[in-house]
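Contents: one structure, followed by commentary.
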Amino acid sequence: MKFGAVPLAEAVGGVLAHSVALPDGRLRKGRVIAPEDLAPLEAAGIAELVVARLEAGDVGEDAAAARLAQALVPDPDGAGLRLGRAATGRVNIHSTDAGVIEIDAARIDAVNAVHPMITVATVPPWKSLPARGMAATIKIISYAVPGTALEAACAAAPGALRLRPVRLGRAALIETSIGGEVPAKGRRAIRARLERFGVTLTAPVVVPHETAPLAAAIAASDAEIVLILTGSATSDSLDTAPEALRAAGGTVTHFGMPVDPGNLLFFGALGDKPVIGLPGCARSPALNGADWVLERILCGVEVSARDIMGMGVGGLLKEPPSRPRPRES
């Protein structure tokens, strides 16, 4: 692509790089200069224009953005994504339903390494999205890119993005009480989280903060996922709530996470039913580590102990004002 200032007479067919004000209007950037544009420009005393002119083998910005979007998501319906219309060298990619976005970061990096004018920006991997949430945007920065570069970017792109939609529809929240009434704050916060994903919360279940009654409640639940919110914080993998899961016949996969707030989470399963022991910060609507685990599991994404231990970079989250023990007191 050639780019630069040219005499007015040589501007026809070029793409206007900067908007030009005229007495009776404006020629906007991106316009392809036509012969009839010259007279008003001359009358305004403009002798030259900065234009971009495509060379042999170049692909225009909109066509390039559309081709790259199709390469990134070759089967939009199967990937749960919608490709927007190309305009000004940009295509936006949106989710078609609520879920979490799976991203092949290596493929995105490979696309962005091909040519500086070819760019793809995404939300973070596994970010939760509502229906019609933006997952990525493709932007061709210049008015055209070499076809060879576009071909290389498209070759690196296939299957880099897909939405993992919600798979579980009913959740149970079991709360434990230590000699008193359980405040409704925690249930409200959990319900709001689930409703964003279209997940129903079953009737309230409150048991004493003891292993046996908690184990019985876990075993009795017919929900697709069980959440536990204890009246006293879980401070060890052998504490009341993890032991209750084991006593119910389940297994504990991992306790603790390098995300703050959220350190005291544990998770496991009872048969094929996921069970999450929520940290106390889940009583707040603010983002915490439990959200990252809950959202993935609701969408059928397998979470391993290694996944949890890899969440530390970026895991220092905003501290809610209501936190009883702030980091800096």
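Which of the residues spanning segment 265-319 are part of a loop (DSSP other than H, G, I, E, B) and closer than 23 Å to Thr176 by Cα?
Leu265, Gly271, Leu278, Pro279, Ser284, Pro285, Ala286, Leu287, Asn288
Assess whether Thr253 counts as being in a loop (DSSP other than H, G, I, E, B), of a type in the set (Val, Ile, Thr) and touching a Gly at 6+ places or on another chain (Cβ under 9 Å).
no
Can you spot a residue in segment 103-112 that is assigned to a strand (DSSP E or B), closer than 19 Å to Ala156 by Cα and not basic (Lys, Arg)?
yes
So is Ser128 of a type in the set (S, T, N, Q) and within 19 Å of the chain's Cα centre (by Cα) or not?
Judged against the criteria, Ser128 is a match.
Specify the residue that is modelled with the lowest pLDDT; the eligible residues are those in segment 16-47 that are among the charged types (D, E, K, R) and over 41 Å from the mean Cα position of the chain (by Cα).
Asp24
Conditions tested, residue by residue: (1) in contact (Cβ under 8 Å) with a residue 60 or more places away in the chain; (2) assigned by TED's automatic domain parsing to the domain that holds Leu278; (3) under 21 Å from Leu287 (Cα atoms); (4) out of contact with any Phe, Trp or Tyr (no Cβ under 6 Å at 6 or more places or on another chain).
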| site | (1), (2), (3), (4) |
| --- | --- |
| Glu102 | yes, no, yes, yes |
| Asn112 | no, no, no, yes |
| Met134 | no, no, yes, yes |
| Ser142 | yes, no, no, yes |
| Gly147 | yes, no, no, yes |
| Ala184 | no, yes, yes, yes |
| Arg196 | yes, yes, yes, yes |
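Just checking, how many residues over segment 197-221 are under 16 Å from Leu278 (Cβ atoms) and either part of a helix (DSSP H, G or I) or modelled with pLDDT of 95 or more (or both)?
Within segment 197-221, residues that are under 16 Å from Leu278 (Cβ atoms) and either part of a helix (DSSP H, G or I) or modelled with pLDDT of 95 or more (or both) number 12.
The values are calculated or read from the model by the stated rules, or taken from the named source; none is laboratory data. This structure is a prediction, so every number in the text was calculated from the model and none was measured. FYI the Cβ positions are ideal-geometry reconstructions off the backbone, even for glycines, and counts take in every protein chain you see.
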